[in-house]
Amino acid sequence: MAFIAALLLGGCATRPTDPDDLAYYLETRDPLEPYNRAIFQFNEAADKVVLRPLAVGYSTVVPKGVRIGIHNFLTHLKSPITILNALLQGEGVRARDTFGRFLTNTILGLGGFIDVASDAGIPQHYEDLGQTLAVWGVEPGPYLVMPLMGPADLRHWVGFGIDSAINPSGYYIRTEYGMEAAGISAGLSAVDWRSANLKTIDELRKSSLDFYATVRSGYRQRRAHEIRNGREPEGDSADSPGMIDFDNMDMDMDMNSELPPAGSPEQGQMNAQ
Amino acid sequence: MHNNFMFHMTRRRAIAALGGAALAAGLARQPARASGTVAKFIENLGDRAILQLADSSISESERESRFRTILNDSFDVVRISRFVLGRYARGATRQQMAEFIQLYEDVVVLTYAHLFASYAGQGFKVKREVGDPGDRYKLVLTEVEPGNGRPPIKLDWQVKVNGGSYAVVDIRVEGASMAITQREEYTAVLDKNGGDIADLLAQLRAKAAKLRADRANS
């Protein structure tokens, strides 16, 4: 735990002071990159050989209605964790919504297979302990790609471990049906996720020059969005999380010209080599 | 057990978000509730894309050329291209920048145009729009029904305001910006090769050629 705490809290000695450099540094900071890239390559291979073929088969063989039911049930199992963490974050409405969804879908939705609650207009939320820790001010720590399980920051992993251990629905499945059932449920989650993103992942992987960097950037942005609960920028603020400042790119360029002005000839020569 | 695999939520969300942008430009709209003209611009863009691109009767090369026309009409490709090169943009010569813009556009067209071929036509709803203080940019917030039992996807369009005309500069899906993601992709390549723009261009040329070949074989 001390090791984890150090990683979570430890600042980095090389943290830049210039605001632009600092922004870039925070955005792409990845102290474990060599390790992460190796595990990422392994996961990519595992995806191509195992997960993707399973997902293709799953979406070919299993009817859409059944797949939606399975997805609903897997989401249902996570409800207790969302309720707990919504409460820990002071998100009363989200806790209430999720509690309402859980009851509604358990009773009226065949134990969670039919999402009656969404039809009734109760919105779906997703909270986890990693998000709670973020709301409490804990830093994300390093980006860490795990074998077979994919990327997350350390704060997210720690939260995930604790969530998994304390989730009552997970405990129930493990004790009533054994570890095999737990394994099947985990595998099904992975296949459910992959089958819903077949084309998307295939296309991104094919078109990216550095898929590792693409996934890392996507993860971080998506996670930040999750933590702030997708809240939209308030009012008219240029500092809102929603806007990119395209006019302040630290570039000596007239952004409105047809073509950019030339860089210095020396740089051009160097770059041409 | 609870156990979603980690990536069930993380990679799924992150990647779905990114890739969902592929579909973003072509989503049919539901009856408009927004009144602003920027919102209209986005709605019209969606209408036009779905009408022209999700047409099963046209060839893939026709789809690509229509996609390119829409891209050039409605997106500020030059501004986006500079942004995605990040701090390396100023090291590029005029010729390199011009070629980068062309190749960037090629890769975007080759990646996304054909996704409209099988597009099933879900709708997006404009929720509201926000502006920056100088009204140089507007953000149009929309939501898409994914139609697979999942909750609505948040889709935000950042639009550059040029007097009375508009151009999209970024699409964000569930908080993930295409421009930022691509900037991280290209700067990762440039970090690795010591800022060699010519090498990046060579990689992009090879990528575009490969995507073209894949398309021809499919």
Original post:
If you plug each phi of segment A:74-87 into the Karplus form 6.51 cos²θ - 1.76 cosθ + 1.60 with θ = phi - 60°, what whole-Hz ³J(HN,Hα) values come out, in order, with x for Gly and Pro?
Top reply: 4, 5, 4, 4, 8, 3, x, 5, 5, 4, 4, 6, 4, 5
Original post:
Which residues' amide hydrogens lie under 5 Å from the amide hydrogen of B:Ala167, considering only partners 5 or more residues apart or on another chain, with H built in the peptide plane?
Top reply: B:Lys160, B:Asn162
Original post:
What is the Cα radius of gyration of segment B:122-218 over 2.2 N^0.38 Å, N being its residue count?
Top reply: 1.43
Original post:
What list do you get for A:Trp157, A:Trp136 if you sort them by fewest beta carbons within 10 Å?
Top reply: A:Trp136, A:Trp157
**OP:** Give the long-range amide H neighbours of A:Met146: residues separated by 5 or more places, or on another chain, with amide H under 5 Å away, using H modelled in the peptide plane at 1.01 Å from N.
**Re:** A:Ala152
**OP:** Could you list, in their original order, any pairs among A:Lys64/B:Lys154; A:Lys199/B:Lys207; A:Lys48/A:Lys78; A:Lys206/B:Lys160 whose Cα atoms are separated by more than 21 Å?
**Re:** A:Lys64/B:Lys154; A:Lys48/A:Lys78; A:Lys206/B:Lys160
Original post:
Amide H to amide H, which residues 5 or more places from B:Tyr137 or on other chains are under 5 Å from it, using H placed in the peptide plane?
Top reply: B:Asp132, B:Val161
**OP:** Would you compute, for the Cα atoms of segment B:61-104, the largest minus smallest coordinate along each principal axis and list the three values in descending order, in whole Å?
**Re:** 36, 17, 12
Subject >> Residue order, fewest to most beta carbons within 10 Å, for A:Thr200, A:Thr132 >> reply: A:Thr200, A:Thr132
Original post:
What relative contact order, as a whole-number percentage, does segment B:72-218 give when Cα pairs under 8 Å and 6 or more residues apart are counted?
Top reply: 26
**OP:** Mind checking which of B:Met97, B:Leu155, B:Ala117 is farthest towards the positive end of segment B:86-201's charge dipole, using Cβ charges of +1 (Lys, Arg) and -1 (Asp, Glu) about the Cα centre?
**Re:** B:Leu155
Original post:
How large is ³J(HN,Hα), in whole Hz, for each residue of segment B:210-216 in order, when computed from phi with the Karplus curve 6.51 cos²θ - 1.76 cosθ + 1.60 and θ = phi - 60°, using x for Gly and Pro?
Top reply: 5, 4, 5, 5, 4, 5, 5
Original post:
If you put +1 on each Lys and Arg Cβ and -1 on each Asp and Glu Cβ, how big is the dipole of segment B:51-161 around its Cα centre, in Debye rounded to 20?
Top reply: 500
Original post:
Using the count of nearby Cβ atoms within 10 Å as a rough guide to exposure, how do B:Tyr104, A:Tyr177 rank from fewest to most?
Top reply: A:Tyr177, B:Tyr104
Subject >> segment B:61-218: antiparallel DSSP beta bridges as a percent of all, rounded to 5 >> reply: 95
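Laboratory data are not the source of any read-out in this text; all were calculated from the coordinates shown. Model, not experiment: these values are computed from the prediction. With ideal geometry, Cβ positions are generated from the backbone for all residues, glycine too; neighbour counts draw on all protein chains shown.
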